[in-house]
Amino acid sequence: MTALEELRQPAKTLTNPYIESWKEKGGKVMGYYCTYVPVEIIHAAGMLPYRIRATGSTSSDLGDVYTYRTMCTYCRHSLDQAMRGEYKFLDGLVALYSCDHVRRLYDIWKAGKVQPSATPFYFHFLSMPMKADGETEEWLQSGLDRFRRSLENNFQVRITDEALRQSIKVHNEKRRLLKSLYELRKQDSPPISGTEVLEILIASTSMPVEEFNQLLGKALEGLRGRDGFSDYRARLLLGGGELEDPEYVKLIEELGGLVITDFLCFGIRDFWDLVDEDAEPIPALAKRYLERVSCPRMIDHPRRQQFLMDLVKEFKIDGIIIQRMKYCDTWGGEGAMMEWDIKKESSPTPYMVLEREYLMGAVGQMRTRVQAFLETIGR
Amino acid sequence: MSDNLQIHRSVYEVLKGAQEPGPRLVANWLGGVLDAVEKGRPIAYHPFTTFSEIMVALDVQPICCEAWDIVGLQVDPDHAIKSIDAAHEAGIPPELCSFDKAIIGSVIRGTMPPPSMIAQSGMPCQNAYITYQAVASLTGAPLYVCDTPYDTDEEGALEHWVNQYKGMISFLEEYSGKKMDYDRLREVVEESNRCVEYWLEATELLKLKPVPHSGPLSQGTLSGMMGFGTPEGTAAIKALLDELKDKVAKGETAIPDEKARVIWFHFQVFWDNALMSFMNEMGAVVPYVLFDDFRVEPVDTSTPEKMIRGMAWRALQAPMGKLGRGAFDAFIDDLLYAVDEWKGDCVILGAHPGCKWVTGAYGLIRDACRERGIPLLLYDVDLVDRRITSAEESRTRIEQFLTTVIDR
């Protein structure tokens, strides 16, 4: 199996041989829902950070018992997976106020409605600010310190500054490698599809980062010699909230819309910005996580909008598709505000919002809409 | 003056000569807004969880956006719907909170005067964050949002919050061009302290069985939204309190034969004012509506620092602020407290579709009530948009539920 093929595997299942091997060696796995969780701290504690997905879920019946029909289906499916014991490889859960849905999912889990695998199961709710200024940065620093101490006390480990520096370095390396991957996508005939990239991104959140970096380094070498995709109708930017299903991207790409770049939380928003390796680690992490390319949980829409428009130029984008999970409030508002701003541009970039559920249904409808969108772009 | 404000202008014209404290409060607020529009005085939008004392002290006209639409709703039942539909047409999805959609839509339609600035204390939920960003995007008005600590027991949380609150004061000073006069602020806060004191006293009287009053203490809600820190706001709730005391002294009760006491653990349904009376006709009284549970400490006004800290803490403790911003434990604890203290026989929770922070953990509410043997009705009803659940459907659900409670 080539490095690229190996990187495409973890997206297919909830766990994978890397996690199994990690657990067999006595390693701990810390689950998290949101890219605002500072994975460096978890890694520096000697644990494997794992971004929770609901891959493989076919129904949310059990999860629905504890929540309501207006909760996003990703959270409902994830809760269902948790209640069925599918996350038994986790030793703990770290969450923050990503959105009202995730924080209630956390509350239900913490209330003991989910059978944990580890006893005791570790919970931590990080107080992550909603805006970036000097004061919130100081507050976050204290929050990260508390998180560090909490991990130390619960797991009888010591998280040294040196360990944090190493962790920052290796995660920055991951980010640089991913940026190199995205550089290749700028080409007129990119050597990699959006589907493949999403698979790689998912792998980056569900395996040891050192192994990921090694594989991605090899994959990049292979990609440099690969024939590019030239038979496409339009260069697309795919944005929105949680998206962990490569089949969704595949459907768009089968219709001729090549996903050149993204504004996704498994994507650019997770890795684009580096941590300052020369600064003290906790302040550096606080600064990076607050000032990174933000998600709509953060109150800085104008900055996000500017970044989006810069991406459109940089990647020579023909059209923007925002996929939004039904009931997602943050992307509901953000999607509308993006459209308002785009319409003010002298040459507005074609833009569409696609509503979806966690499970891919209404495929025919989606195909029709994407087709129509590509036609309006004139391709 | 723009015709887009005609509904609110007509309400003002009707109420401006009123002597009763409740209508005078509304008239005073509306008059202030209309005057600010006419004279170009600074206007600050704020949500109901951001109390307006700072704005009143700075002589910046506050508009509690939810209250603006509630007033419109009383005159034109379709007022909110028109705004909601305008928001939908602008791309705001239907599943956002209708209060917030109505605000966005009112801005789009121009039926709310444009703001000079927007100040938000960051509660109770994400819909509020989204809404005021959207309003800022539409109007170009500067926006300040206080970053709310999730867990106030966390080390440093209150200091962080107080700093954020101070930031809000600086923001309002900057964009109003005025400097805070802390003696004036003291007057305003001592007034709001009185308002809260009367409000608390009134809610205590509703613990009596049989209850002298059923349903929301609307003048409290109005005071909190439209007149916090103003003599009109205090007078309105004081008048209600005096009325309640008088009823108690005379042995008057809300209804002759109290068969069930309903803890209404949300806002009232603003477009269906007759719903409470409907329950009364069945023999059920409502001694508790969530927004009236204003269990907050008085603010120490002895120094500016203590005042700011006190106001900041109060904002965290007020209804919705306290329950919305953090973990769900507080919601369950307060629900059970309400049942115990107000001697509830059952709980009705109108599941406002936008309130995912409530319904998202519905199972925890259900389990808590089940463990205590408290009958619970959670049903879909939108507090602002009457199209989601009709008045008839509401009555059918509530009637079925209350019949089982009363027959127990």
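Points to keep in mind about this one:
- Scanning the range A:85-104 for residues that are closer than 15 Å to A:THR67 by Cα and more than 8 Å from chain B (Cβ to nearest Cβ) returns a single hit, A:VAL102.
- Residue in the range A:229-236 that is open to solvent by 20 Å² or more (accessible area, probe 1.4 Å), out of contact with any Lys or Arg (no Cβ under 7 Å at 6 or more places or on another chain) and among the basic types (Lys, Arg) present: no
- Selection count, the range B:364-382, where residues are at pLDDT below 95 and either facing chain A (nearest Cβ under 8 Å) or under 17 Å from B:LEU336 (Cα atoms) (or both): 1
- Residues located in the range A:34-56, provided they are within 14 Å of another protein chain (Cβ to nearest Cβ) and open to solvent by 10 Å² or more (accessible area, probe 1.4 Å): A:CYS34
- Residue in the range A:18-39 that is farthest from the chain's Cα centre (by Cα), counting only those that are in a loop (DSSP other than H, G, I, E, B) and among the basic types (Lys, Arg): A:LYS25
- For the range A:314-347, a tally of residues being of a type outside the set (Asp, Glu), more than 14 Å from chain B (Cβ to nearest Cβ) and outside any loop (DSSP other than H, G, I, E, B) returns 2.
- Search result, residues across the range B:347-357 that are in contact with a Cys (Cβ under 9 Å, 6 or more places away or on another chain) and more than 7 Å from chain A (Cβ to nearest Cβ): B:VAL347, B:HIS352, B:GLY354, B:CYS355
- For A:ASP80, the requirement of being free of Cβ contacts under 8 Å to residues at least 12 places away in the same chain, within 28 Å of A:GLU334 (Cα to Cα) and in a helix (DSSP H, G or I) is not met.
- Residue in the range A:304-313 that is within 8 Å of chain B (Cβ to nearest Cβ), open to solvent by less than 50 Å² (accessible area, probe 1.4 Å) and in contact with a helix residue (DSSP H, G or I) (Cβ under 6 Å, 6 or more places away or on another chain) present: no
- The residues of the range B:42-74 that are in a loop (DSSP other than H, G, I, E, B) and in contact with a Lys or Arg (Cβ under 6 Å, 6 or more places away or on another chain) amount to a single one, B:LEU58.
- Filtered residues of the range B:116-154 (kept if touching a residue at least 40 places away in the same chain (Cβ under 8 Å), open to solvent by 20 Å² or more (accessible area, probe 1.4 Å) and under 22 Å from B:ASP59 (Cα atoms)): B:SER116
- Among the conditions (1) open to solvent by less than 20 Å² (accessible area, probe 1.4 Å); (2) out of contact with any strand residue (DSSP E or B) (no Cβ under 7 Å at 6 or more places or on another chain); (3) in contact (Cβ under 8 Å) with a residue 12 or more places away in the chain, B:ALA157 misses just one, which is (3).
- Neighbours by Cβ (under 6 Å, 6+ apart or cross-chain): first from the range A:57-72, within 7 Å of chain B (Cβ to nearest Cβ); second aliphatic (A, V, I, L, M) and open to solvent by less than 10 Å² (accessible area, probe 1.4 Å): A:TYR66/A:ILE108
- Residue identified as within 27 Å of A:SER193 (Cα to Cα), over 19 Å from the mean Cα position of the chain (by Cα) and among the small types (Gly, Ala, Ser) among A:ALA11, A:ALA3, A:ALA44, A:ALA54: A:ALA3
- Matching residues in the range A:327-351 - criterion: being crowded, with 19+ Cβ neighbours inside 10 Å and either at pLDDT below 95 or within 21 Å of the chain's Cα centre (by Cα) (or both): A:TYR327, A:CYS328, A:ASP329, A:THR330, A:TRP331, A:GLY332, A:GLY333, A:GLU334, A:GLY335, A:MET338
- Enumeration of residues in the range A:265-277 that are open to solvent by 10 Å² or more (accessible area, probe 1.4 Å) and out of contact with any helix residue (DSSP H, G or I) (no Cβ under 8 Å at 6 or more places or on another chain): A:CYS265
- Some residue of the range B:332-343 being surrounded by fewer than 20 Cβ atoms within 10 Å (Cβ to Cβ), without any contact (Cβ under 8 Å) to a residue 40 or more places away in the chain and within 14 Å of chain A (Cβ to nearest Cβ): yes
- Residues in the range A:261-289 that are touching a strand residue (DSSP E or B) at 6+ places or on another chain (Cβ under 7 Å) and not in a strand (DSSP E or B): A:LEU264, A:ILE268, A:ARG269.
- In the range A:139-190, the residues that are part of a loop (DSSP other than H, G, I, E, B), closer than 26 Å to A:LEU216 by Cβ and open to solvent by 20 Å² or more (accessible area, probe 1.4 Å): A:LYS186, A:GLN187, A:ASP188, A:SER189
- Residue in the range A:114-132 that is charged (D, E, K, R) and either assigned to a helix (DSSP H, G or I) or more than 8 Å from chain B (Cβ to nearest Cβ) (or both) present: no
- Single unsatisfied condition, A:ILE377 versus (1) closer than 22 Å to A:GLU242 by Cα; (2) away from every other protein chain (no Cβ under 14 Å): (1)
- Scanning the range B:219-227 finds no residues that are over 18 Å from the mean Cα position of the chain (by Cα) and not basic (Lys, Arg).
- Inside the range B:32-41, residues that are in a helix (DSSP H, G or I), open to solvent by 30 Å² or more (accessible area, probe 1.4 Å) and free of Cβ contacts under 8 Å to residues at least 40 places away in the same chain make up a count of 3.
- Residues located in the range B:234-252, provided they are buried (at least 17 other Cβ atoms within 10 Å of the Cβ) and more than 20 Å from B:GLU191 (Cβ to Cβ): B:LEU244, B:LYS247
- Of all residues in the range B:388-401, none satisfies being within 10 Å of chain A (Cβ to nearest Cβ), farther than 21 Å from B:SER214 by Cα and hydroxyl-bearing (Ser, Thr, Tyr).
- Check on A:MET360, touching an Asp or Glu at 6+ places or on another chain (Cβ under 8 Å), open to solvent by 60 Å² or more (accessible area, probe 1.4 Å) and either outside any loop (DSSP other than H, G, I, E, B) or among the hydrophobic types (A, V, I, L, M, F, W, C) (or both): yes
The values are calculated or read from the model by the stated rules, or taken from the named source; none is laboratory data. Bear in mind that the values here come from a model prediction, so they are computed numbers and not experimental data. We place every Cβ from the backbone using ideal geometry, glycine too, and count neighbours over all the protein chains shown. Quick note on the areas: whole protein, heavy atoms, side chains included, nothing else; ligands and nucleic acids left out. Shrake-Rupley method; radii C 1.70, N 1.55, O 1.52, S 1.80 Å.
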